[in-house]
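Accompanying notes for the structure given below.
The values are calculated or read from the model by the stated rules, or taken from the named source; none is laboratory data. Predicted model, so just to flag it, every value in this text is computed and none were measured. Backbone-built Cβ (ideal geometry, glycine too); neighbour counts: all protein chains shown. Note: accessible area is taken over every heavy atom of the protein model, side chains too, but ligands, DNA and RNA are not part of it. Shrake-Rupley method; radii C 1.70, N 1.55, O 1.52, S 1.80 Å.
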Amino acid sequence: MQQVGVAAAIGGLAGAALTAHRGGRAAIAGALAGAVGLGAAEAVPRGTQRPGEIPALWSRILMSGALAAPLGWAADRVGVGPVPVATAAGAAAGALGLRPQKVALGPAVGAAVGVGLGLARRRGRRVPEAVAGVADGRGRRVPGAVAAAAAVVGYRTASAVLFRDPQVSLLAERVHPEDVPFVVPLASQTRYVGTGYVRSLAAVLGGTYTPDVKDIGIVASLDELAGPSFDPAGVDPLVREFYEHTTRFALDIVPEWRAWVRPGFLLYRTLLARPLGQANVPMSQREVQRGVRSRIDTITGVDGTVAVRGWIRSLADTDEPIYVGIYTTYRHEGRGYVSVGFPLPQASFTATLAPSAREGGGLVLNSRSELDQPGHYLTYIDPQTAELTTAAVRGFAERLDVHADGGVLRAEHAFWVFGIPFLVLRYRMHRKAGDHSSERR
C-alpha cells in the first residue's frame, strides 16, 4: 500500500501541473484525477505481480511521464518554450538509459514530440484541452508540463519497442541477506557517504572501528577464492602480497575515458557523485597527479575478527572521496567470489566478480560469467526490517586484470555498458617508501 500511496501523490502533483493553465479549479480537479489514475495504475499491476517481477511496463511509463510533468510546468513558468522543454525531457530520460543509442534517442524523440505538438496546434488540428496552453500574444501554446510528459512517455514507448533486452531485472523482493549472498547489504545512513563512512557504520553495527590499518589487505587470504578456474598456489607472490597486504602499496592511476561518455559522466559527477561522496572517478591524468591516498578502515567484532574492510581512496590534497568500497569474499558451490559493495543512501551497489588464473601468475576478476553469482546488483535496504530488494543491472560489466610485469605490479580495470567499452583505469602499484614489511615475512 505504501507504493500505491506514493504513486497517488505523484499522480496528484502531475495532474495539477497538467491542468494548471486552465485555472485553480481545474488544477484541483486534475490533481484528484491524477491521484486516482496513477494510484490505480500502480495498484492494478501489483495485484497480479509475481515474485521476482518488476511492475508492468505500461505502469512504469505512466509513472515516468507523471514525474516529468511538474518539471515541465516549472520550465514553462520561466518562459521556456515547449520544444526546448520536450527536448530536454527526452534527453534526460535517454541519459538514464546509459547506452549510447538511448542517449541519442532521447533528445531526438523529445524534439520530435515538441515540434509535433506545436505543428498540430498551429494547423488548427483538434488537440485535447489539456494541451491548450496559455495565451502568449501569438495564440495559445502547448504547456510545458504536457510537452515534458509527452516527450518522456514517447521516448519510453519508442525505447521499449527498439530495445527489448532488459536493463534491470528484479531478482528478489523483501528477502534476508543470506538469500542473496552476492550482495553486500551495507547502506549509508546519510545522504553523504564520504571517507568517514566506515566510522559511521561502526556506530551502527556496534563493532570496534580502526582507521587506516597498517599492513592489511582487501581480502584476508587469497586462498578463499580457490575454485575450478582459480588455484591460488599458482599466483605470483607479488600479486598475492597486494591482495593480502594492500596497504603496503601506493597506487598510480591513469584513467582512459572514451570520448562519447565524457559529457554524460561530467553531468553525473557534478550532480550525483560529488554531492554523494562516492564513485567520483577522476576524469584525467591531471586530476590524479594531485596524488591519491589509499587506506583501509576496519570494523572488528567482539571475537577479534575483522568483519568489515573498507578500502577508501581519496585525493591526497583535499581528501575528496574517489571511491568507498566494502570488500568481502564468500564461497558458493565450491567456488570463491569477491563482492565489493559501494554504499549508497539506504542502498548498496554491489559488484560480484569471479576469479580466474592469468598466464604468468596473474589474477583476473570478472563480472561477466556463465555462473549465476557474478554481476552487478542494486539493492534497497529497508531501514526498519533490514530486508533487501535486489535488482540485477544487466548492461554493466567490468574486468580487473592484475599481474606482475618485470617485478612491477600492474592492473587494467576495464568497464563496459551494454557491450560498449567506456573506461579503462590503468594502475601501477608500488611499495610505499620505507615499507619493508614483506622482508620480515
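Taking a ≥ b ≥ c as the square roots of the eigenvalues of the Cα gyration tensor of the range 385-424, is the shape rounded (a/c under 1.5), prolate (a/b larger than b/c) or oblate?
Because a/c hits 1.5 or more and a/b fails to exceed b/c, the range 385-424 counts as oblate.
Which order do you get for 119, 365, 67 if you rank them by accessible area with a 1.4 Å probe, largest at the top?
67, 119, 365
Between residue 286 and residue 4, what is the label-to-label distance in nm when each label sits 7 Å out along the Cα-to-Cβ direction?
5.6 nm
Ordering 176, 376 by accessible area with a probe of 1.4 Å, largest first, what comes out? The partial results should precede the final answer.
Details: 176 95, 376 5 Å².
From most exposed to least exposed: 176, 376.
Per-residue ellipticity at 222 nm for the chain, helices alone: DSSP H runs ≥ 4 residues times -39500 (n - 2.57), over residue total, nearest 500 deg cm²/dmol?
-11000 deg cm²/dmol
From the square roots a ≥ b ≥ c of the eigenvalues of the alpha-carbon gyration tensor of the range 180-223, which class results: rounded (a/c under 1.5), prolate (a/b over b/c), or oblate?
Here the range 180-223 falls in the oblate category.
Hey, can you grab everything whose amide H is under 5 Å from the amide H of residue 172? Only 5+ residues off in sequence or another chain; H modelled, so Pro and N-termini drop out.
For residue 172, the qualifying residues are 390.
Could you state the angle between the C-alpha long axis of helix 2-19 and the longest principal axis of the C-alpha atoms of the chain, as a value from 0 to 90 degrees rounded to the nearest 10?
Here the helix axis deviates by roughly 40 degrees.
Relative contact order for the range 271-403 using alpha-carbon pairs under 8 Å, separation at least 6, rounded to a whole percent? Intermediate results must be reported in sequence, preceding the final value.
Working: 265 pairs, mean separation 20.1, N = 133.
Computed value for the range 271-403: 15 percent relative contact order.
Please state the charge dipole magnitude for the range 339-441, taken about the Cα centre, from unit charges on C-beta atoms (+1 on K and R, -1 on D and E), reported in debye and rounded to the nearest 20.
In debye, rounded to 20, the range 339-441 gives about 460.
How large, in percent, is the carbon and sulfur part of the accessible surface of the range 253-337 at a probe radius of 1.4 Å?
Carbon with sulfur: 56 percent of the solvent-accessible area.
Starting from 0.36 nm per residue, how many nanometres of slack lie between residue 346 and residue 401 once their C-alpha separation is accounted for?
16.7 nm
What full-extension length gain, to one decimal in nm, is calculated for residue 384 and residue 78 as 0.36 nm per residue of separation minus the Cα-Cα distance?
106.0 nm
Give the calculated FRET efficiency between residue 32 and residue 333 to the nearest 0.05, with a Förster radius of 45 Å applied to their Cβ-Cβ distance.
Result of the calculation: an efficiency of 0.25.
Output ³J(HN,Hα) for the range 103-117: one whole-Hz value per residue in order, computed from phi by the Karplus curve 6.51 cos²θ - 1.76 cosθ + 1.60 with θ = phi - 60°, and x for Gly and Pro.
With the stated coefficients, the range 103-117 comes to 4, 6, 5, x, x, 5, 5, x, 4, 5, 5, x, 5, x, 5 Hz.
If you average the C-alpha positions of the range 274-347 and of the range 77-114 separately, how far apart do those two centres end up, in angstrom?
Each part's Cα centre sits 35 Å from the other's.
Give me the accessible area per residue for the chain, probe 1.4 Å, as a whole number in Å².
49 Å²
Excluding ligands and nucleic acids, what accessible area in Å² is computed for residue 261 using a 1.4 Å probe, to the nearest 10?
20 Å²
Might you report the magnitude of the Cβ-based charge dipole of the chain about its Cα centre, with Lys and Arg at +1 and Asp and Glu at -1, to the nearest 20 debye?
My answer is approximately 2400 debye.
How would the range 277-408 be classified by its alpha-carbon gyration tensor: rounded, prolate or oblate, with rounded meaning a/c under 1.5 and the a/b versus b/c comparison settling the rest?
Rounded, since a/c falls under 1.5.
Label residue 205 and residue 40 with points 7 Å out from Cα along Cα→Cβ: what is the distance between them in nm?
About 4.9 nm, to one decimal.
Computed from the coordinates I sent, semi-axes √(5λ) of the Cα gyration tensor in Å equals one of (1) 47, 23, 20; (2) 37, 24, 21; (3) 32, 27, 24. Tell me the label.
Label of the calculated value: (1).
From the residues 318, 364, 348, which one has its Cα farthest along the dipole of the range 315-371 in the positive direction, the dipole being from +1 and -1 charges on Cβ of Lys/Arg and Asp/Glu about the Cα centre?
364
Let me check something: with ligands and nucleic acids excluded, how do 284, 159 order by accessible area (1.4 Å probe), largest to smallest?
Values: 284 40, 159 10 Å².
So the residues, ranked largest to smallest area, are 284, 159.
Determine ³J(HN,Hα), in whole Hz, for all residues of the range 236-249 in sequence, where each value follows from phi through the Karplus function 6.51 cos²θ - 1.76 cosθ + 1.60 and θ = phi - 60°; x replaces Gly and Pro.
Listing the rounded values in order: 4, x, 5, 5, 4, 4, 4, 6, 8, 9, 4, 6, 6, 10 Hz.
Sketch the reach of a paramagnetic label on residue 60 as a point 7 Å from Cα along Cα-to-Cβ, and name the residues of the range 1-40 whose backbone nitrogen lies under 14 Å away.
Answer for this model: none.
Given a Förster distance of 30 angstrom, what is the FRET efficiency for residue 359 paired with residue 258, based on the Cβ-Cβ distance and rounded to 0.05?
Calculated value: 0.65.
How much length is gained if the chain between residue 120 and residue 318 is pulled fully straight, taking 0.36 nm per residue apart and subtracting their Cα-Cα distance, in nm to one decimal? Mind showing how you got there, number by number?
Values: separation 198, 0.36 × 198 = 71.28 nm, distance 5.47 nm.
Separation in residues times 0.36 nm, less the Cα-Cα distance, equals 65.8 nm.
With loop defined by DSSP as not H, G, I, E or B, and exposure as at most 13 other Cβ atoms within 10 Å, which is the longest segment of the chain clear of exposed GluC sites (Glu not before Pro)? Intermediate results must be reported in sequence, preceding the final value.
On the way: sites that count: 53, 333, 359, 370.
My reading of the result: 54-332 is the longest stretch.
Along Cα→Cβ, 7 Å out, is where each label goes; now give me the distance between the ones at residue 223 and residue 178 in nm to one decimal.
About 2.6 nm, to one decimal.
Treat the range 339-441 as a sphere of radius equal to its Kirkwood radius over Cα pairs and apply Stokes-Einstein at 37 °C in a medium of 0.692 mPa s; give the translational diffusion coefficient in µm²/s, rounded to a whole number.
Working: Rh = 16.0 Å.
My calculation gives 206 µm²/s for D.
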